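Notes for the one structure printed next.
Any read-out appearing in this document is the output of simple, stated calculations on the displayed coordinates, not a laboratory observation. Small disclaimer: the values here were computed from a predicted structure and weren't measured. Here Cβ is always computed from backbone atoms with ideal geometry, including for glycine, and neighbour counts include all displayed protein chains.
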Amino acid sequence: MKIQKQTRRSVRAKEKKRLIKELDRIFSFYIRNRDGWKCVTCGSTDKESLQCGHLFSRISYNTRWDERNAYCQCNCCNFRHEHDPGPLTSYFLSLYSSREYQKLYNESHKQRHFYNYDLIKLIDYYKARLKEMGVEYDTDKNGKMESDGAAS
């Protein structure tokens, strides 16, 4: 009985890891498409170097998949953000108020538990958002995203 319980817990934990990885992929792809495959801080359009950068650390699940917290950045700007948050913060403040910044900051310091069904709902939500944008989301064996060419 105890072994079955541990096995079920282990299976759920593995499934949760898989769902988080899938949600990270689709969310990152959505953000890069939303921002037109252009780094919001330097303007780079080198698709190979573009990634999903977070204003506040993605370690906080509460804001990890919050669209206000994520922006398309080249790997250089995303890495630089760790030591100089000014450029991305300025970009955020050009879109939102300082009050919104404070709200997001506060949210990023709260704990939130996501269940597997929460993650599945978010995956479905971002797939639907991409479809609305006319972008096809697909993962191949390597986890790379493929676009139908609608967004460049």
Calc'd 3J(HN,Hα), the range 64-73, phi into Karplus 6.51 cos²θ - 1.76 cosθ + 1.60 (θ = phi - 60°), Hz, glycine/Pro = x, comes to 4, 10, 8, 4, 6, 9, 10, 9, 6, 9
Amide H contacts under 5 Å for residue 44, restricted to residues at least 5 apart in sequence or on another chain and with H modeled in the peptide plane, are 39
Under the 7 Å Cα-to-Cβ spin-label approximation, residue 45 and residue 124 lie apart by a distance in nanometres of 3.7
Checked the chain with the C-alpha gyration tensor, a ≥ b ≥ c its square-rooted eigenvalues, rounded below a/c of 1.5, otherwise prolate if a/b is larger than b/c and oblate if not; verdict oblate
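Kindly put 138, 118 in sequence by how many other C-beta atoms sit within 10 Å of each C-beta, fewest to most.
Working: 138 10, 118 16.
Result, fewest neighbours first: 138, 118.
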Footprinting proxy, 49, 60, 97, 28: sorted fewest to most Cβ within 10 Å, the residues are 97, 49, 60, 28
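Explain nothing, just the number: dipole magnitude of the chain about its Cα centre with +1 on each Lys and Arg Cβ and -1 on each Asp and Glu Cβ, in debye rounded to the nearest 20. It would help to have the intermediate numbers written out before the result.
Numbers: 29 positive and 20 negative charges, 224 e Å.
So the dipole magnitude of the chain works out to roughly 1080 debye.
So for 117, 96, 137, fewest C-beta neighbours within 10 Å to most, what's the order? Intermediate values should be presented prior to the final figure.
Values: 117 9, 96 13, 137 21.
The order, fewest Cβ neighbours first, is 117, 96, 137.
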